[in-house]
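The structure appears right after this line, and notes come after that.
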Amino acid sequence: MRRAGRISRLVLSGACLLLSFSAGTAFAALPASTDPSQQLDHADSIKTSNHPTFVQLLAQLDRDAATLTTTQQWHLRYLDAWEVAYEGKYDAAGPLLSAIIEQSPDDTLRFRATATRINILGIAHRYEDAFSQLSQLIDQLPRIRDDEARYQALVEASQFLTTAGQYDLAISYAQQMLDDTRLQRHQCIGTYLKLHAQFRKSGANVEPPPFQDGIDICVKAGENLIANAGRADIADLAIQQGRYGDAIALLQRNYADVRSYRYPAQIAIFDTLLAKAYLRAGDAAQARKFALATIDDAVKSEYAESLSQAYEVLYLVESQQGNVRAALGYHEKFMEADKGYLNDIRARALAYQTVKQQLLANKLQVETLNKQNSILQLQRELDRKAVENGRLYIALLLMFLASVGLWLFRLKRSQLRFMRLAQQDSLTGIYSRQHFVDAAELALRQAAKSTRSACLILMDLDHFKLVNDTYGHGVGDMVLKRTVAACQAHLLRRDVFGRLGGEEFAIFLPECGPAQAREKAELIRLAIAATPVNGETRDVAISASFGVASTDRSGYELRQLMIDADNALYRAKRDGRNRVVYGEIGDVSVEPKADTDRHVVNNDLGNLPPHTGIVS
């Protein structure tokens, strides 16, 4: 069951991560030379703007490595490590970069290798290490005189803060690149980073013209790899705005160029966007083709959203064509990939906050030690002063220690508040998807030990997208809050209630049999139907469909309970919505007819395909 609006979003972190791999001059290709130093600098400058030539030049330098000086050999080792990382072989690139950082006599080269290793740590999901080393890199930046090294550090700062959701900070670092006259040759990447962070911050509210300006800059500089990352943003925006033909045309026009660069993350992003656009345009065959290509081209062991969305597209295609077994298989893979990706997003945000708090704590610790040294000196002076002055100094010491203790208390309270927010849905205040899954699995294990029955209810608001489209998201948010309130009035404290995403909710009922679960679901259904929301001109009628599953039939595995409840919800949607379904098709509770003086949103919904577990 997908969340509303979920398929229209695509985080292009994979495309953004490629920027750490373009730390050379982006536009000027030097003349061919037999001087190894010039060859190395030339190779460094064309890594992304002319990657095939870079690979050829690197192979030539590797063959002549024995004739290079020590400094030249270290430069060559860095370029070799960069190419290994560019090809997606991150496990092999990590040790190569670490050797350069630990052994190279060149401070600038060590700095650049550190920046590239930060990128590798991010790809390996070691976010705390990545953010910690990034902080150290930024601290060293004022002492770095090499323009390319400064540029690489600013790129890492901007792109990593974007992946952590710190868009304003990311934009500020990108703007530093654009404002630095020494980095004017990097206008392409600086512009892309800024526009990409603005896109991630504003979503569909961003207009296409600024993106096209950035692409024009990159094309002029010969940076087609970065230009294609910008085109991916434009295509993503077009899909969100319903311009599927424009997205397909743009992606297909540049598809061959993207594949020629052989950068796996960007190829997977283009494949995924094409799969989504063709699905929305009604071309199931093409959607399946590019979704399968995404899976083939995706970098292994990465929690990329492109992989999750590819499985979602395949699930939807098979569902629309009635291939139930294949659809369920892809649905399981989608759920697994999506869970991994959502966990990865949360890990990034938590890692950023953790490192930020650690840095603050370390700074406070240093300041405290300095204060303590000062206090020790004051205490020596107290021995030579009168008792009255000594009391004054002791009072000052106690006040300082009290302020330190108060600061630490507030810091701890802030950390606990952040953890609580990570467990709650920001709009409704109930459990988030991940916390609901954790709580439900714990309750299931307890139920299994006692062999007591338990039930799972999946609930999906009917025609919720039409409510948003007709009345706006403000009314839609009010509908979600009123729905949660109506549900909570019929739930016990031990019941687990969570929002899975969009308009979909789940309720886990421990120590509850099937009959009780159906009765409770029916009470909630009636309560929701009796809870109108004021629209602009008339009341908005709310209704919901319910699917119920119990451990008596499904066992004590949450995954099976979710599948069975989802199947029941599918039948409730297919049989007309606003009803409760458990077990066989006939086991349904039908909604009473709506009052004639209340407006029910209906926009020719009879032509929609059969319910696949995602119809709202």
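Scanning region 560-593 for residues that are modelled with pLDDT under 50, in contact with a helix residue (DSSP H, G or I) (Cβ under 8 Å, 6 or more places away or on another chain) and part of a loop (DSSP other than H, G, I, E, B), we see that the one that is farthest from Leu456 (Cα to Cα) is Pro592.
In region 2-14, is there at least one residue being crowded, with 18+ Cβ neighbours inside 10 Å, of a type outside the set (A, V, I, L, M, F, W, C), modelled with pLDDT under 80 and touching a Gly at 6+ places or on another chain (Cβ under 8 Å)? For region 2-14, residues crowded, with 18+ Cβ neighbours inside 10 Å, of a type outside the set (A, V, I, L, M, F, W, C), modelled with pLDDT under 80 and touching a Gly at 6+ places or on another chain (Cβ under 8 Å): present.
The residue that is nearest to Leu169 (Cα to Cα), counting only those in region 117-159 that are open to solvent by 20 Å² or more (accessible area, probe 1.4 Å), small (Gly, Ala, Ser) and touching a residue at least 60 places away in the same chain (Cβ under 8 Å), is Ser135.
Pairs meeting the criteria (first residue in region 438-451 and over 15 Å from Ser554 (Cα atoms), second residue in a helix (DSSP H, G or I) and not hydroxyl-bearing (Ser, Thr, Tyr), beta carbons under 9 Å, at least 6 apart or on different chains) are Asp438/Gln423. Could you list, in sequence order, the residues of region 364-375 that are at pLDDT below 75 and of a type in the set (A, V, I, L, M, F, W, C)? Answer for region 364-375, where residues must be at pLDDT below 75 and of a type in the set (A, V, I, L, M, F, W, C): Leu364, Val366, Leu369. Of the numbered criteria (1) open to solvent by 60 Å² or more (accessible area, probe 1.4 Å); (2) at pLDDT 75 or above, the one Leu359 fails is (2).
A search for C-beta distances below 7 Å between a residue of region 97-116 that is in contact (Cβ under 8 Å) with a residue 40 or more places away in the chain and over 13 Å from Asp80 (Cα atoms) and any residue that is crowded, with 20+ Cβ neighbours inside 10 Å and aromatic (Phe, Trp, Tyr), counting only pairs 6+ apart in sequence or on different chains, returns Arg112/Tyr78.
So that you can scan it fast, the table gives a plain yes or no per residue for (1) outside any helix (DSSP H, G or I); (2) not small (Gly, Ala, Ser):
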site	(1), (2)
Gln140	no, yes
Arg145	yes, yes
Glu148	no, yes
Glu156	no, yes
Gly165	yes, no
Leu169	no, yes
Gln184	no, yes
Cys188	no, yes
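Looking only at region 54-96, residues that are touching a residue at least 24 places away in the same chain (Cβ under 8 Å), open to solvent by 70 Å² or more (accessible area, probe 1.4 Å) and aliphatic (A, V, I, L, M) come to 0 in all. Annotation note: Cβ proximity below 6 Å between a residue of region 312-331 that is of a type in the set (Val, Ile, Thr) and a residue that is surrounded by 21 or more Cβ atoms within 10 Å (Cβ to Cβ) and assigned to a helix (DSSP H, G or I) (sequence gap 6+ or interchain) occurs for Val313/Ala275; Val313/Leu279; Val313/Ala287; Val313/Ala291; Val317/Ala287. Scanning region 265-303 for residues that are open to solvent by 30 Å² or more (accessible area, probe 1.4 Å) and either of a type in the set (A, V, I, L, M, F, W, C) or modelled with pLDDT under 90 (or both) yields Ala281, Ala285, Leu292, Ile295, Asp296, Asp297, Lys300, Ser301, Glu302, Tyr303. Specify the residue that is nearest to Ser45 (Cα to Cα); the eligible residues are those in region 220-250 that are open to solvent by less than 10 Å² (accessible area, probe 1.4 Å) and either β-branched (Val, Ile, Thr) or in contact with a Cys (Cβ under 6 Å, 6 or more places away or on another chain) (or both). Among those residues, the one meeting the criterion is Glu223.
Would you mind stating whether Arg253 is open to solvent by 10 Å² or more (accessible area, probe 1.4 Å) and under 28 Å from Gly88 (Cα atoms)?
Here the answer is yes, as Arg253 does meet what is asked.
Which ones in region 445-467 are among the aliphatic types (A, V, I, L, M) and closer than 25 Å to Arg571 by Cα? Talk me through it step by step, then tell me what you get.
First, the residues of region 445-467 that are among the aliphatic types (A, V, I, L, M): 447-448, 454, 456-459, 461, 466-467.
Across region 445-467, the qualifying residues are Ala454, Leu456, Ile457, Leu458, Met459, Leu461, Leu466, Val467.
Filtering region 99-116 to residues that are surrounded by 20 or more Cβ atoms within 10 Å (Cβ to Cβ) and among the aliphatic types (A, V, I, L, M) leaves Ile100, Ala113, Ala115.
The rows are residues; the columns are (1) of a type in the set (A, V, I, L, M); (2) closer than 19 Å to Asp44 by Cα.
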position	(1), (2)
Phe111	no, yes
Arg117	no, yes
Ile123	yes, no
Ser135	no, no
Ile144	yes, yes
Ala153	yes, yes
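Considering region 371-402, and only residues there that are assigned to a helix (DSSP H, G or I) and either touching a Gly at 6+ places or on another chain (Cβ under 7 Å) or of a type in the set (D, E, K, R) (or both), the residue that is most open to solvent (accessible area, probe 1.4 Å) turns out to be Arg391. For region 558-575, taking the residues that are under 22 Å from Ser450 (Cβ atoms) and among the aliphatic types (A, V, I, L, M), the one that is most open to solvent (accessible area, probe 1.4 Å) is identified as Met562. If you go through region 31-51 and keep only what is touching a residue at least 60 places away in the same chain (Cβ under 8 Å) and open to solvent by 50 Å² or more (accessible area, probe 1.4 Å), you end up with just Asn50. Name every residue in region 38-73 that is of a type in the set (Lys, Arg) and in a loop (DSSP other than H, G, I, E, B), in order of residue number. Correct list: Lys47 only. Counting only helices (runs of 4 or more DSSP H) that sit wholly inside region 238-342, those with at least 2 residues that are among the basic types (Lys, Arg) are 244-261, 264-281, 284-297.
The values are calculated or read from the model by the stated rules, or taken from the named source; none is laboratory data. The structure displayed is predicted, hence computed values, not measured ones. FYI the Cβ positions are ideal-geometry reconstructions off the backbone, even for glycines, and counts take in every protein chain you see. In case anyone asks, the SASA skips ligands and DNA or RNA and just uses the protein heavy atoms, side chains included. Shrake-Rupley method; radii C 1.70, N 1.55, O 1.52, S 1.80 Å.
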